[in-house]
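Undergrad: Take this structure, written in structure tokens, and hold onto it; I'll ask about it next.
The values are calculated or read from the model by the stated rules, or taken from the named source; none is laboratory data. Values in this document were obtained by computation on a predicted structure and should not be read as measured data. FYI the Cβ positions are ideal-geometry reconstructions off the backbone, even for glycines, and counts take in every protein chain you see.
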Amino acid sequence: MFDIEELGERTPYPKFERTNEFCELFTTLNRDVFDPLGVEFGMRTIRQGLNYVSLFSDVNDNKSLAINNFIVHKVLPKFTFDGDKQVGDYSKAELVSRVFLPRLESLLDNQAEITAEFSCTKSVERLVKTAESNDGVVNY
């Protein structure tokens, strides 16, 4: 057994700051990708991400890796929708493959270093491929 204090001090999540690079990134992704997909992604999730990046930086200063891990663990699990449904010029699956995936690839310069099973870009590629063989159903 252990004492609860060993888990560390419980503190509030960091505040959302519009000018923070992480907040800007995920606010933009929310507007351009998550909202059109119908993926629920709000301020609390962004603040959780800020907290994760802060805690991650205590053991590793690779911000791209922190963002990759946040996407894999907090963003992609929310991806459950009908990929064949139209949203603007694209189907939802096309929005993922033609907008979201290229944005991740340009944003995260470290994907070649990350094992495929932990890479957010490889996870998105698998997600799209699986949806194609699953009648368009996207389900991470």
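Undergrad: Of Ala116, Ala66, Ala131, which residue is touching a helix residue (DSSP H, G or I) at 6+ places or on another chain (Cβ under 6 Å), surrounded by 15 or more Cβ atoms within 10 Å (Cβ to Cβ) and more than 18 Å from Leu25 (Cβ to Cβ)?
TA: Exactly one residue qualifies, and that residue is Ala131.
Undergrad: Leu55 versus (1) buried (at least 17 other Cβ atoms within 10 Å of the Cβ); (2) assigned to a helix (DSSP H, G or I): which is the lone unmet condition?
TA: (1)
Undergrad: Tally time: how many residues in the stretch 58-112 are outside any helix (DSSP H, G or I) and either touching a Gly at 6+ places or on another chain (Cβ under 7 Å) or within 15 Å of Val137 (Cβ to Cβ) (or both)?
TA: Looking only at that region, the number is 8.
Undergrad: Can you pull out every residue in the stretch 122-138 that is free of Cβ contacts under 8 Å to residues at least 24 places away in the same chain and within 17 Å of the chain's Cα centre (by Cα)?
TA: Lys122, Arg126
Undergrad: Now for a different question. Working only within the stretch 3-29, note down all residues that are exposed (fewer than 11 other Cβ atoms within 10 Å of the Cβ) and either touching a Phe, Trp or Tyr at 6+ places or on another chain (Cβ under 8 Å) or among the basic types (Lys, Arg) (or both).
TA: Those that are exposed (fewer than 11 other Cβ atoms within 10 Å of the Cβ) and either touching a Phe, Trp or Tyr at 6+ places or on another chain (Cβ under 8 Å) or among the basic types (Lys, Arg) (or both): Arg10, Lys15, Arg18.
Undergrad: Let me ask something else. Could you list, in sequence order, all residues of the stretch 91-104 that are over 15 Å from Glu132 (Cα atoms) and surrounded by 14 or more Cβ atoms within 10 Å (Cβ to Cβ)?
TA: Val99, Phe100, Leu101, Arg103, Leu104
Undergrad: Does Phe81 fit the bill of being over 22 Å from Ser133 (Cβ atoms), surrounded by 15 or more Cβ atoms within 10 Å (Cβ to Cβ), at pLDDT 95 or above and of a type outside the set (Gly, Ala, Ser)?
TA: Here the answer is no, as Phe81 does not meet what is asked.
Undergrad: Does at least one position in the stretch 30-42 carry a residue that is within 18 Å of Phe56 (Cα to Cα), of a type in the set (A, V, I, L, M, F, W, C) and either at pLDDT below 95 or out of contact with any Lys or Arg (no Cβ under 6 Å at 6 or more places or on another chain) (or both)?
TA: No, the stretch 30-42 contains no residue that is within 18 Å of Phe56 (Cα to Cα), of a type in the set (A, V, I, L, M, F, W, C) and either at pLDDT below 95 or out of contact with any Lys or Arg (no Cβ under 6 Å at 6 or more places or on another chain) (or both).
Undergrad: Another one. Starting from residues that are in contact (Cβ under 8 Å) with a residue 12 or more places away in the chain and of a type in the set (Asp, Glu), keep the ones in the stretch 11-50 and report whichever is nearest to Glu94 (Cα to Cα).
TA: The residue in question is Asp32.
Undergrad: Against the condition touching a Leu at 6+ places or on another chain (Cβ under 7 Å), assigned to a loop (DSSP other than H, G, I, E, B) and not hydroxyl-bearing (Ser, Thr, Tyr), how does Pro14 come out, does it pass?
TA: For Pro14, the condition - touching a Leu at 6+ places or on another chain (Cβ under 7 Å), assigned to a loop (DSSP other than H, G, I, E, B) and not hydroxyl-bearing (Ser, Thr, Tyr) - is met.
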